[in-house]
Amino acid sequence: MALLEVRNLTVSIRRGKKYYTAVDGINFRIEAGEIIALAGESGSGKSLTALSIPRLLSTRAKISSGEILYSANGTIDLCKTDEKSLRSIRGKEISMIFQEPRQSLNPLMKVGAQIKEALELHPGIYAAESSAQNKKTANRLVLEMLEKLQFPQPEKLMDAWPHQLSGGMCQRVMIAIAAICRPRLLIADEPTTALDTVNQNHILTLLKQINREFGTAILFISHDISVAKEFCSRFMVMYSGKIIEEGPSEAILSAPLHPYTVALAACIPRKENRGKPLANIPGRAPSLEDAPTGCHFAPRCPKAQEQCGKSMPPLAKAGDDRYARCFLTGGDDK
């Protein structure tokens, strides 16, 4: 049994008095200790998928149907789990790194207190005999985590305020908060956005370290497939609420099957294209209110055929551990 299995997940967003489908019947699984990427343009439904797993959707969004099966000590459906049980899972079993670290950190709490908060919410992790011993143990665990994440002067950092830190440091603090309880699954939602190349590489190295040392599975969400190229073992590409391609990272990036994935790969800057105009994908993704009847990518696809505008192609097997949602690839339905 996979650590996490998502079955036919559909998420809707309310606009005015109507709900519109933003994540449309997706299926995927994450094995224990695996690093898997969910990639696609902004607005494709990646973050909604991520927020659905620990049930952190806003009041304007809801899970309309599907199952999110989490298997640790037995199997539970997170879609049907009560709020009290979810609180015991969030942070301890399943953690999340959010897109905007500065907005996610509490400006009125020092860094050390914010990292310790996760331990205080799940005291069974260190199970000391007294409250005084608990506090001492929590401080030690936080310092150990900061040292693992290669923070300079960790004792000084614990007494710092978020506004005193750079963007890269804030993101590393968010990683410390997410990893302090050694979760089984870590959801990283655009963790390298707005960071320079040096800080991007540092964040990826830290996440890889957490995966290796703690055996934590990672769902890595990004709009930039080049960032996760050497980081993730498997890729899922999402477009307009649907997963349109899935397979091993190396195979997807070297020989993409779906025209959308081909276009994304072409947009990656390469040395051999120095001095040439950057590639782009013409048009724009459909809005929630005006999604096409057939393949949602058909209006932008250079290889679109008549049937593409009439019906949605299934996610079909297209090789060893490869799947694509395109009539051109053929194959059997997944």
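The values are calculated or read from the model by the stated rules, or taken from the named source; none is laboratory data. Predicted model only: the values in this text are computed from it and were never measured. Note that we place each Cβ from the backbone using ideal geometry, even for glycine, and neighbour counts take in every protein chain shown.
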* Asked: outside the structural domain of ILE30 (by TED's automatic domain parsing) and either in contact with a His (Cβ under 7 Å, 6 or more places away or on another chain) or under 25 Å from LEU48 (Cβ atoms) (or both), is that true of LEU253?
  -> yes
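Name the residue, out of GLU41, GLU93, that is in the same structural domain as SER166 (by TED's automatic domain parsing), in contact (Cβ under 8 Å) with a residue 40 or more places away in the chain, over 28 Å from HIS296 (Cα atoms) and of a type in the set (Asp, Glu). Step through it out loud before you land on a result.
Working: GLU41 fails: over 28 Å from HIS296 (Cα atoms).
That would be GLU93, the only listed residue that is in the same structural domain as SER166 (by TED's automatic domain parsing), in contact (Cβ under 8 Å) with a residue 40 or more places away in the chain, over 28 Å from HIS296 (Cα atoms) and of a type in the set (Asp, Glu).
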* Does LYS46 qualify as being over 17 Å from the mean Cα position of the chain (by Cα) and either farther than 20 Å from GLU93 by Cβ or surrounded by fewer than 19 Cβ atoms within 10 Å (Cβ to Cβ) (or both)? -> no
* To do: Collect the residues in region 279-308 that are farther than 19 Å from SER240 by Cα and in contact with a Cys (Cβ under 7 Å, 6 or more places away or on another chain), keeping them in residue-number order.
  => ALA279
* Asked: Name the pairs whose Cβ atoms lie under 8 Å apart, with the first residue in region 170-191 and over 17 Å from LEU146 (Cα atoms) and assigned by TED's automatic domain parsing to the domain that holds HIS223, the second part of a helix (DSSP H, G or I) and charged (D, E, K, R), and 6 or more positions between them or separate chains?
  -> ASP189/LYS46
* Can you name the residue in region 195-229 that is in a loop (DSSP other than H, G, I, E, B) and under 16 Å from the mean Cα position of the chain (by Cα) and, of all such residues, is surrounded by the most Cβ atoms within 10 Å (Cβ to Cβ)? -> VAL227
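Determine whether GLY319 is at pLDDT 85 or above, on the phi > 0 side of the Ramachandran plot and not in a helix (DSSP H, G or I).
Working: at pLDDT 85 or above: no; on the phi > 0 side of the Ramachandran plot: yes; not in a helix (DSSP H, G or I): yes.
Criteria not met by GLY319.
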* Structure fact -> Of the conditions (1) farther than 19 Å from ILE187 by Cα; (2) part of a loop (DSSP other than H, G, I, E, B); (3) modelled with pLDDT under 90, the single one that ALA138 does not satisfy is (2)
* Asked: Only one of (1) of a type outside the set (S, T, N, Q); (2) surrounded by 23 or more Cβ atoms within 10 Å (Cβ to Cβ); (3) under 30 Å from ALA304 (Cα atoms) fails for PRO256. Which number is that?
  -> (2)
